[in-house]
1. Divide by every residue of the chain the summed helix terms, -39500 (n - 2.57) for each DSSP H run of at least 4, and state the resulting mean residue ellipticity at 222 nm, rounded to the nearest 500 deg cm²/dmol.
2. Mind listing P(r) for region 70-174? All alpha-carbon pairs, 10 Å bins, whole percents.
3. Which value, in nm² and rounded to one decimal, describes the direction-averaged projected area of the C-alpha convex hull of region 130-192?
4. Starting from the Kirkwood radius over alpha-carbon pairs of the chain, derive D by Stokes-Einstein at 10 °C in a medium of 1.306 mPa s and give it in µm² s⁻¹.
5. Quantify how much of the Cα-Cα distance distribution of region 114-248 extends past 24 Å, in percent.
6. Given N residues in region 1-60, what is its alpha carbon radius of gyration divided by 2.2 N^0.38 Å?
7. Run through all the Cα pairs of region 226-365 and give the fraction in each 10 Å bin from 0, expressed as whole percent.
8. What is the angle, in °, between the Cα long axis of helix 228-238 and the longest principal axis of the Cα atoms in the chain? Nearest 10 is fine, range 0 to 90.
């Protein structure tokens, strides 16, 4: 029996009618069964949830953010604590974003050059300079299983010339990231395909990245304000051309319909902040719908939030109680909704995986592939 190596991807099943696949991604801290939604723990915590609660959602891999952890508490302190896994009490796989998206969102605070990005810290105003090399050094110190290349994420809208320049710079920066990476044996460096809303740019960029034979590939620069009808052609053009034996990650996407469309194109991994963000604003995600628990109809609704959901929120409390907590601005309400919402998206991708394994993907999820709104 052959033992899987770190970062091996084993294809367990494929859909005969789409590009959807179920796979097992091996990392130093455990396996990730794909397709899989990954909760976002920007500052080293899934907001409002303990690691034990996150584990109960059956999330196998979570995210943290290089930019935020660099600002506070600093990668040196985290390294001294034994790395990010030990620091935050999570012994399963972790992926760190490079910080590129956050830096480039600071349009009023940053200066971009070929060398890197200089910006003022929104915390204390100090000047910080991050280069591709510095981003990788920070991520090497954090010790996540998967680390991301430092990229330039063009905004939407942007001109073709602006997107071409950003895409070209992203490739040059990726080459520098590869050179700077000091822990390739236990940290997989993923490249990021940029190219805005232009499929031809995306395809060309993907071809360049594939030639570098990286451990995995991501599609970035989507869900940055463009309508879904412009995002889907990009994903459907790029995902199938990425190496079949490497993980494929769609960054910043996590609604039900978006994930089904992307899975049908061959995507394996997703992340999004919406489950906990919605939870903190009193909104529950149930079967692709959004329920605002502040609304009056829930005041005397003594049914579970979702009777099919096994999470602690749904098995112990009613919608009426959740309405009361949210109206009273009690912290427990936000915690319970966040717990449920993360569970909802993880379970949704688990059900898709089971359908692919049973050759039922189109039968069970084909209705999500239409252009009807979620």
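1. Details: 15 runs with 147 residues, N = 374.
Per the formula, -11500 deg cm²/dmol.
2. Reading upward from the zero bin: 14, 42, 31, 11, 1.
3. Averaged projected hull area, Cα only: 4.2 nm².
4. Values: Rh = 21.2 Å.
Rounded to a whole number, D works out at 75 µm²/s.
5. Details: 2865 of 9045 pairs.
For region 114-248, the share of Cα pairs beyond 24 Å comes to 32 percent.
6. Normalised by 2.2 N^0.38 Å, the Cα Rg of region 1-60 equals 1.38.
7. 12, 37, 29, 18, 5, 0
8. Between helix and principal axis, roughly 50 degrees.
None of the figures in this text is laboratory data; all of them are computed from the coordinates on show. The shown structure was predicted, so the numbers you read here are calculated from the model rather than taken from an experiment. Cβ atoms come from the backbone with ideal geometry, glycine included; neighbour counts cover every protein chain shown.
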